[in-house]
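Here the structure is laid out as structure tokens; the discussion comes afterwards.
The values are calculated or read from the model by the stated rules, or taken from the named source; none is laboratory data. Given the structure is predicted, the values throughout are model-derived calculations rather than measurements. Don't worry about glycine lacking a Cβ; one is built from the backbone with ideal geometry, like all the others, and counts go over all protein chains shown. Ligands, DNA and RNA are excluded from the accessible area calculation, which covers all protein heavy atoms including side chains. Shrake-Rupley method; radii C 1.70, N 1.55, O 1.52, S 1.80 Å.
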Amino acid sequence: MAALILAGCAKQPPPRTISLVTSTPMTMLPVPAPKSGTYGDYIHDSASVYGVDENLVKAIIQVESGFNPSAVSRSNAIGLMQLKAETAGRDAYRFKGRYGQPSAYELKDPAINIDLGTAYLGILQRQLSGISNPQTLRYALTVAYVNGAGALLRSFSSDRGRAIAMINDMTPDQFYRHVQTRHPAPQATRYLWKVNNAYLAMR
């Protein structure tokens, strides 16, 4: 599978990068944000299918859309997990053995959006396989969700194996500090902080 290259949406992205998701939905319909339990079955089922941490999915939804399935960003990231049809949506389709990309209508459907967003997390988890500490892996997945696994690994080394080995030599706190000081996307640190806080609040 081709490496995924992502960029954040909060600020001007670095050159030659593509944002697959957004961390700040800018245009939202005026509907109340439901509690996480509203979509609990969808989240649980998708997390089980793709082997992803269920609470991480919930935390990402909280940060991305505030559990508003109608959220749409200025960069046209859509729905609960703020997916872009032509990038993360397309990759999730391929991962599931489908061609093309999801429609805006599909991405506003909570069940489909959660399924595709969690499938995308599954893709990232495969790209980051080899990270041994579960907390570090959660941090890495969080950053990769908004800025890409490739950008994260290259902040350690251009060689994937070397990058994974360097990550495994770190404690989770050391990894967190590395993101703060060495990740090329300025919004990575704030996104990690926000998702981690949401995650811890759900435990």
| task | Sort through Arg182, Arg190, Arg162 and tell me the only one that's closer than 24 Å to Lys58 by Cα and either open to solvent by 70 Å² or more (accessible area, probe 1.4 Å) or without any contact (Cβ under 8 Å) to a residue 24 or more places away in the chain (or both). | result | Arg190
| field | Single condition Arg94 does not satisfy, out of (1) of a type in the set (Lys, Arg); (2) surrounded by 19 or more Cβ atoms within 10 Å (Cβ to Cβ); (3) over 17 Å from Ala188 (Cα atoms) | value | (2)
| field | Among the residues listed as Leu128, Leu141, the single one being under 19 Å from Leu83 (Cα atoms) and touching a residue at least 12 places away in the same chain (Cβ under 8 Å) | value | Leu141
| field | Failed item in (1) modelled with pLDDT of 95 or more; (2) more than 16 Å from Thr142 (Cβ to Cβ), with Pro34 passing the rest | value | (1)
| field | For Val52: the one exception among (1) part of a loop (DSSP other than H, G, I, E, B); (2) touching a Pro at 6+ places or on another chain (Cβ under 7 Å); (3) at pLDDT 95 or above | value | (2)
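One residue is enough: does segment 91-99 have a residue meeting the conditions in contact with a Ser or Thr (Cβ under 8 Å, 6 or more places away or on another chain) and more than 26 Å from Arg177 (Cβ to Cβ)? Quick ask: steps written out before the conclusion?
Of all residues in segment 91-99, those in contact with a Ser or Thr (Cβ under 8 Å, 6 or more places away or on another chain) come to none.
No, that holds for no residue.
Quickly run through segment 158-201 and pick out the residues that are of a type outside the set (A, V, I, L, M) and in contact with a His (Cβ under 8 Å, 6 or more places away or on another chain). Don't jump to the end; show me each part of the working.
Applying the first criterion (of a type outside the set (A, V, I, L, M)) to segment 158-201 yields 158-162, 168-169, 171-178, 180-184, 186-187, 189-191, 193-194, 196-197, 199.
Passing the criteria: only Thr189.
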| request: Scan segment 76-115 for residues that are free of Cβ contacts under 8 Å to residues at least 40 places away in the same chain and part of a loop (DSSP other than H, G, I, E, B) and jot them down. | output: Asn76, Gly79, Lys96, Gly97, Arg98, Tyr99, Gly100, Gln101, Pro102, Ser103, Lys108
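Just to be sure before I move on: is Lys84 surrounded by 20 or more Cβ atoms within 10 Å (Cβ to Cβ) and either under 21 Å from Arg203 (Cα atoms) or among the β-branched types (Val, Ile, Thr) (or both) in the structure I sent? Steps first, please.
Details: surrounded by 20 or more Cβ atoms within 10 Å (Cβ to Cβ): yes; either under 21 Å from Arg203 (Cα atoms) or among the β-branched types (Val, Ile, Thr) (or both): no.
For Lys84, the condition - surrounded by 20 or more Cβ atoms within 10 Å (Cβ to Cβ) and either under 21 Å from Arg203 (Cα atoms) or among the β-branched types (Val, Ile, Thr) (or both) - is not met.
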| note | Exactly one of Ser132, Ser155 is modelled with pLDDT of 95 or more, open to solvent by 20 Å² or more (accessible area, probe 1.4 Å) and out of contact with any Ser or Thr (no Cβ under 7 Å at 6 or more places or on another chain), and that one is Ser132
| Looking at Ala47, is it under 12 Å from Ile114 (Cα atoms), part of a helix (DSSP H, G or I) and at pLDDT 95 or above? | yes
